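See below for the structure under consideration.
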Amino acid sequence: MKLLEGVRVLDLSRILAGPWATQVLADFGADVIKVERPGVGDDTRTWGPPYLKDAHGNDTSESAYYLCANRGKRSVAIDFTTAEGQVLIRELLARCDVLVENYKVGGLKKYGLDFASVHAINPALVYCSITGYGQDGPYAQRAGYDAAIQAIGGLMSVTGEPDGAPGAGPQKVGVAATDLMTGMYAATAILAALRHAERTGVGQQIDLALLDTQVAWLANQASNYLIGGVVPTRQGTAHPNIVPYQVMPASDGYFMLAVGNDGQFARLCEVIGEPQLAVDPRYATNNARVAHRGELVPYLQQCLSMRPAAEWLAALEKAVVPANPVNRIDQVFDDPQVQARGLRIELPHTGGGNVAMVRNPLKFSATPLQYTQAAPVLGQHTAQVLDEVLGMDAERLRELQGRGVVGEAGSV
């Protein structure tokens, strides 16, 4: 039994935030039908290299970017800018539980696919709209892009080296963190709205904005400002509220030191041969260490730079002081804990061979997730879905393909 068995999702989203949300739902067992434009498909299909290789070692049309966010879905190529395509989408929606879309505000109204129109067709449908800035407000009509939202939403102001340090300046996070977090909020909201629809028979629209998400997950940095009245600044890898909690230099590189309490700090001092620091009033408590970080951190950096990272990590682990290497991505997948957790999986792809990817991080004791297939090629399931859901015969399908309303499997 799958967690969301019997739930059907129509996915009109593209790029990352929406597809990430629907991939989570697909992982949970929902039937996710990804609607793509014939001959074009999701924008990220061409966001490469790298591309998936076929059995002969040649590039396919499937980019690694696209493959990371679309596993377990069925692809249907329908041009809903046409009247006949709009009819098909509405017929599918009448038989779905969820719609996910990330068009500009009002962008689907001209196709009769806005919330009001769809709600009249299927009152129980959960309609999730993902935009850059939300359904209202002065920025509602702006397009939203992850990096731009990281900037306006404050994340870049607290990411990067502090002013005056080498390499100072605002930085974006190395993955599209705002898109990914929005996708996770979307999945959570959809599950909550589905529960409400099951109880009441009434669906609703979820208005989810990248900007709202970004501001919400400023978390302690937002709270530091709202409660403390001090504007947070960039501190590199350092923590605004805990010291020492940052990347430290070793004689051969760097490692992350994450001292979370006074007991751990005392043990750190023993490891580095400086036990007097733990009883010094300037450093004995976290509050004191935060106030005197300008003196303490350089001294610790000097001490730690005298030995290789591996030696420090071994000694700190023995002393139960949190510390870790700063791994490259290849080192992540070579890590024994990552391997033991089975985070790398391989799924069959219709183009031949397997796709290596990262599994969903959730593990359920009674209903383990089942991964059946990698991301589909464009229009791979058009005939299957239209027959299964709408009862469309092969002759009607060929007519629509001939007029370009629907695409053929694998058409790019």
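The values are calculated or read from the model by the stated rules, or taken from the named source; none is laboratory data. No experiment lies behind these values; they were computed from the predicted model shown. Note that each Cβ is placed from the backbone with ideal geometry, even for glycine, and that neighbours are counted across all protein chains shown. To get the accessible areas, we keep the full protein, side chains included, count just its heavy atoms, and leave off ligands, DNA and RNA. Shrake-Rupley method; radii C 1.70, N 1.55, O 1.52, S 1.80 Å.
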- Checking Val230 against (1) at pLDDT below 95; (2) closer than 30 Å to Ala315 by Cα, which test does it fail? (2)
- Report yes if some residue within segment 124-134 is open to solvent by less than 30 Å² (accessible area, probe 1.4 Å), over 23 Å from Val32 (Cβ atoms) and either out of contact with any Phe, Trp or Tyr (no Cβ under 8 Å at 6 or more places or on another chain) or of a type in the set (Asp, Glu) (or both); otherwise report no. yes
- Query: If you scan segment 286-323, which residues turn out to be open to solvent by less than 60 Å² (accessible area, probe 1.4 Å), part of a loop (DSSP other than H, G, I, E, B) and out of contact with any strand residue (DSSP E or B) (no Cβ under 7 Å at 6 or more places or on another chain)?
  - Reply: His292, Ala319, Val321
- Query: For Ala375, are the conditions met, namely being more than 21 Å from Asp43 (Cα to Cα) and of a type in the set (Gly, Ala, Ser)?
  - Reply: no
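Please state which one of Leu226, Leu180 is under 16 Å from the mean Cα position of the chain (by Cα) and either open to solvent by less than 70 Å² (accessible area, probe 1.4 Å) or more than 15 Å from Leu125 (Cα to Cα) (or both).
On inspection, the qualifying residue turns out to be Leu180.
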- Pull up segment 28-45, narrow it to residues that are assigned to a helix (DSSP H, G or I) and open to solvent by less than 10 Å² (accessible area, probe 1.4 Å), then point me to the one that is nearest to Gly407 (Cα to Cα). Arg45
- Message: With the structure loaded, tell me whether Leu316 is more than 30 Å from Phe28 (Cα to Cα) and hydrophobic (A, V, I, L, M, F, W, C) or whether it fails that test.
- Response: yes
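Please work out if Ser61 is among the small types (Gly, Ala, Ser), more than 19 Å from Ala193 (Cβ to Cβ) and open to solvent by 40 Å² or more (accessible area, probe 1.4 Å).
Yes, satisfied.
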